[in-house]
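Notes follow the structure.
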């Protein structure tokens with residue numbers, strides 16, 4: 001379990017991270033969302049023991065990051081937002097180097113390297129020089145490096161930046177798999193579609209403060225004060241708009257240029273069904289009636305102002 | 001009531017602790033991968049390494065030329081001449097192989113990965129040092145062949161081999177081979193000190209080239225500019241003392257002693273007076289800068305600057 005307690009980082013007058021707290025359980029994949037300069041990387045670097053917090057701390061599986069950073073380093077896999085690879089070594093040498101650093105016993109080292117290469121689909125590149133790998137492969141090698149010591153917590157800072165769509169999809173699948181393996185994964189990003197689909201938790205950060213945190217569904221629902229319903233009709237759009245306006249639960253009606261009616265609706269599901277029934281009873285020929293699903297991007301845009309420090 | 005304090009206990013370093021330190025820093029230091037990287041970087045050509053390959057070719061041609069010259073002047077060339085050249089080469093080679101050791105990790109942005117891994121700063125610095133030392137050892141090995149050849153063939157003083165020669169006045173003094181070994185040790189430990197010195201600046205500077213520039217400037221000042229000024233000042237004890245710590249000066253004084261019966265007669269300490277303090281000084285400088293480098297590497301990329309900014313009032 002990861003327990004982040006009032007973590008704070010100041011650089012002189014600038015507060016990069018302002019007393020953030022959250023808890024994650026094994027298997028949680030947290031999407032850490034924020035604009036550039038919001039404090040994501042600083043938070044991750046503090047958790048990776050690279051930066052000393054000004055105050056507050058974090059506890060991973062009962063070990064304090066400030067109290068025993070060396071032990072924490074054995075429990076985390078940190079992947080920064082850049083590759084930072086040695087290009088003059090072979091793939092297996094690079095992994096062997098980190099396996100040695102993480103005290104993987106010599107007799108198990110080959111097996112571990114084979115396993116992580118297989119997991120990241122790099123087995124065929126075992127003897128290749130790191131510099132000869134494509135960007136996507138180098139990214140996967142970075143992830144393989146994070147896995148050689150079977151960490152409890154993975155800190156992935158902008159892991160998919162600069163990857164092509166295929167490599168991005170493969171990386172998503174890999175991260176999902178790590179979550180299923182029971183690891184805590186924190187993935188920071190400002191590209192929201194990147195996170196959708198494989199994160200079960202989300203944290204939105206701006207100006208060093210967490211604005212929303214929790215399971216993705218709850219955060220999205222919690223931000224929806226009203227639903228948006230799109231209605232498409234064969235004809236007589238004005239009359240239908242008038243009828244909708246007078247209906248219970250309707251807050252606002254807007255006619256789009258394409259003939260679609262957008263309804264801001266605060267009623268419940270029954271009232272929503274009644275609205276459709278009333279339109280049909282009134283003789284309107286409805287060809288579309290759908291609820292617009294809010295997503296992380298909507299939530300993010302609603303919550304944040306885009307301000308950086 | 002007077003309480004008697006027990007005398008302070010001295011805790012000598014236990015042999016097991018020394019062995020443990022040796023195991024961690026040398027035998028099982030993961031950073032010894034640096035030796036492989038060094039070999040690939042400097043001694044192997046290939047894609048993207050055209051500059052290194054060119055330097056390697058130039059070095060091979062220069063070395064072959066040196067061997068030819070030595071063979072050509074066989075018997076007339078003093079071995080100390082080669083040790084001077086070797087020391088000069090070390091003064092340039094050591095910064096060339098060490099300048100990017102740590103600053104290069106920052107530029108490549110692999111530094112954070114090391115700092116976030118369970119490896120001590122001492123292991124990192126020692127691993128880098130050992131890799132550079134491997135480079136220095138290679139250069140030393142290349143110089144050793146012609147040095148031994150000239151030592152065995154030089155006829156500068158007597159009709160026989162120079163290093164078989166011991167004058168009657170030199171009873172109890174050091175034979176020539178020992179002087180040669182001392183000169184070599186001065187040269188090698190000087191190279192080690194320059195590596196440690198360069199590693200220190202590499203640890204402190206954000207950019208490799210800045211580390212190289214600072215190192216070369218310091219070496220230029222310490223080995224050429226300041227000694228030249230001191231020489232211009234004229235003779236005095238302080239100047240001589242300072243020059244005693246100059247590696248070239250020390251090597252030269254050992255040689256002068258070796259060749260001078262008078263010096264042997266009046267100086268009971270022999271060449272050790274000019275060799276041993278210099279060797280110890282070089283080892284001390286090496287240890288000091290390695291320790292300093294290990295103390296200074298803990299700032300992560302972007303965390304601190306070379307010159308800390310004073311907090312505003």
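Here are the numbers for the structure shown:
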{"item": "Rounded to 10°, Cα long-axis angle of helix A:91-101 versus longest principal axis of chain A", "result": "80 degrees"}
{"item": "Separation of alpha-carbon centers, the stretch A:235-309 and the stretch A:147-217, rounded to whole Å", "result": "33 Å"}
{"item": "Spin-label zone in the stretch A:105-142 - amide nitrogen under 15 Å from a point set 7 Å from the Cα of residue A:164 along the C-beta vector", "result": "A:133-140"}
{"item": "Approximate spin-label separation residue B:23-residue A:14, in nm, with each point projected 7 Å along Cα-to-Cβ", "result": "4.5 nm"}
{"item": "Computed [θ] at 222 nm, deg cm²/dmol, chain A (DSSP H ≥ 4; -39,500 (n - 2.57); rounded to nearest 500)", "result": "-10500 deg cm²/dmol"}
{"item": "Relative contact order, percent, chain A [alpha-carbon distance under 8 Å, six or more residues apart]", "result": "21 percent"}
{"item": "Residue B:121-residue A:293 FRET efficiency (beta carbon distance; Förster radius 56 Å; 0.05 resolution)", "result": "0.65"}
{"item": "Mean Cβ count within 10 Å, highest first, over the residues of peptides B:23-32, B:191-200", "result": "B:191-200, B:23-32"}
{"item": "Residues A:42, A:15, sorted so that the one with the fewest Cβ neighbours within 10 Å comes first", "result": "A:15, A:42"}
{"item": "Residues residue A:23 and residue A:181, FRET efficiency given R0 of 22 Å [Cβ-Cβ distance, rounded to 0.05]", "result": "0.65"}
{"item": "Theoretical FRET efficiency, 1/(1+(r/R0)^6), r = Cβ-Cβ of residue B:72 and residue A:131, R0 51 Å, to 0.05", "result": "0.75"}
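Throughout, read-outs are computed from the coordinates displayed, never taken from laboratory work. No experiment lies behind these values; they were computed from the predicted model shown. Quick reminder, even Gly has a Cβ in these numbers, built from the backbone with ideal geometry, and neighbours come from all protein chains shown.
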